[in-house]
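Trainee: If you scroll down you'll find the structure; I have some questions about it.
The values are calculated or read from the model by the stated rules, or taken from the named source; none is laboratory data. Because the structure is predicted, anything quoted here is derived from the model rather than measured. Cβ placement follows ideal geometry from the backbone for every residue including glycine, while neighbour counts extend to all protein chains displayed. Ligands, DNA and RNA are excluded from the accessible area calculation, which covers all protein heavy atoms including side chains. Shrake-Rupley method; radii C 1.70, N 1.55, O 1.52, S 1.80 Å.
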Amino acid sequence: MTVECRVAGGVATLALNRPEVRNALNLEMCEALLQLLGKLDESVRLVFVRGNGPVFCGGADLKERQGKTVQWVRERRLKAFAAYEALEALPMPCVALVQGAAIGSGVEIAGACDFIVATPEATFRTPEAQRGTVGATQRLPRILGKRLAKDLMFTGRALTAQEALSAGFVARIASDLDAAQREIAESILKAPPAALRLAKRAIDRGIELDPKGAREAEIEAIDEQLASGAWMGKA
């Protein structure tokens, strides 16, 4: 399987599983992500995304494009976008655990999660323009800012874990990702799942709105919570 999925105790762990090619993203992996994400129901309260082997994701599998038509390549790119968007649209918290390199599509996958925990050795690169293609031009500037995103895109240089932490792309650095995963799961699973989902929705909607619209998005979430009876220890 190009993506492994393990669900236990309300926690789903998705592992990119092509370590022999640095977990390069191909069509099969895109489709596997879409299928697995579509199967996650309300019993899943938290999702982790990680890579098997020493590398999180080495980018798109460029070899699979050899001999393909322009239309095939375009449809393959759209399938990747759909996978990123499916990650981003998950109603429950989703955390990326990044070890080694995250390149191109790997940066997109990690960036589509709610936050990133990286090892000290992790690096992040978006070399699409250097390779003569276009990609990773939308999500990263919204997180890093336009100028740093352009620096990475135009030069192809790698952002270290510490630089990514300082820039706000990485939320925390951990030498032991397994221990970090356990700690995060323990904290998040203590919180009421409905409150987490409403908070996530309000943040994601609000960041795209003006202050008035963002306030209304939070009030909508508050009203929904009050109507459910799940507030201040009630229900």
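Trainee: List the chymotrypsin sites (Phe, Trp or Tyr not before Pro) in the stretch 131-235 that DSSP assigns to loop (not H, G, I, E or B) and whose Cβ has at most 16 other Cβ atoms within 10 Å. Which are they? Walk me through the numbers on the way to the answer.
Mentor: Numbers: sites: PHE154, PHE169, TRP231; in loops: PHE169, TRP231.
When the chymotrypsin sites (Phe, Trp or Tyr not before Pro) of the stretch 131-235 are filtered for loop state and at most 16 Cβ neighbours within 10 Å, TRP231 remain.
Trainee: Order VAL11, VAL47, most accessible first, counting only protein heavy atoms with a 1.4 angstrom probe.
Mentor: Largest accessible area first, the residues go VAL11, VAL47.
Trainee: Next question, about the same structure. Could you give the size of the charge dipole of the stretch 21-75 about its Cα centre, using +1 on the Cβ of each K and R and -1 on the Cβ of each D and E, expressed in debye and rounded to the nearest 20?
Mentor: Here the stretch 21-75 has a charge dipole of around 220 debye.
Trainee: Can you list the residues, at least 5 places off or on another chain, whose amide H is less than 5 Å from the amide H of VAL3, using H built in the peptide plane?
Mentor: Excluding prolines and chain starts, which carry no amide H, the hits are ASN17.
Trainee: With only Lys, Arg, Asp and Glu charged, each at its Cβ (+1 for the first two, -1 for the last two), find how big the charge dipole of the stretch 7-164 is about the Cα centre; round to the nearest 20 debye.
Mentor: 540
Trainee: Let me ask another. DSSP beta bridges in the stretch 1-98, what fraction antiparallel, as a percent rounded to 5?
Mentor: Roughly 35 percent of the DSSP beta bridges within the stretch 1-98 come out antiparallel.
Trainee: While we're on this one: Work out from phi, with θ = phi - 60° and the Karplus expression 6.51 cos²θ - 1.76 cosθ + 1.60, the ³J(HN,Hα) of each residue of the stretch 49-63, listed in order in whole Hz, and give x for Gly and Pro.
Mentor: 10, 8, x, 7, x, x, 10, 5, 6, x, x, 5, 7, 6, 5
Trainee: Tell me the mean residue ellipticity at 222 nm calculated for the chain from its helices only (DSSP H runs of n ≥ 4, each -39500 (n - 2.57), averaged over every residue, nearest 500).
Mentor: So the helix-based figure for the chain works out to -14500 deg cm²/dmol.
Trainee: Given contacts defined as C-alpha pairs under 8 Å and at least six residues apart, what's the relative contact order of the chain, whole-number percent?
Mentor: The normalised contact order for the chain reaches 15 percent.
Trainee: Return the percentage of antiparallel bridges among DSSP beta bridges fully within the chain, rounded to the nearest 5 %. Spell out each step's value before the answer.
Mentor: Values: 8 of 29 bridges.
Rounded to the nearest five, the antiparallel share is 30 percent.
Trainee: Another question, then. Give, in nm to one decimal, the length gained when the segment between ILE207 and ARG65 is fully stretched (0.36 nm per residue of separation minus the Cα-Cα distance).
Mentor: Residue separation times 0.36 nm, minus the Cα-Cα distance, leaves 47.5 nm.
Trainee: Follow-up question, since we're still on this one. For the stretch 28-42, take each phi angle, set θ = phi - 60°, evaluate the Karplus expression 6.51 cos²θ - 1.76 cosθ + 1.60, and give the result in whole Hz per residue in order, putting x for glycine and proline.
Mentor: The phi angles translate into 4, 5, 4, 5, 5, 4, 4, 5, 5, 5, x, 8, 6, 10, 5 Hz.
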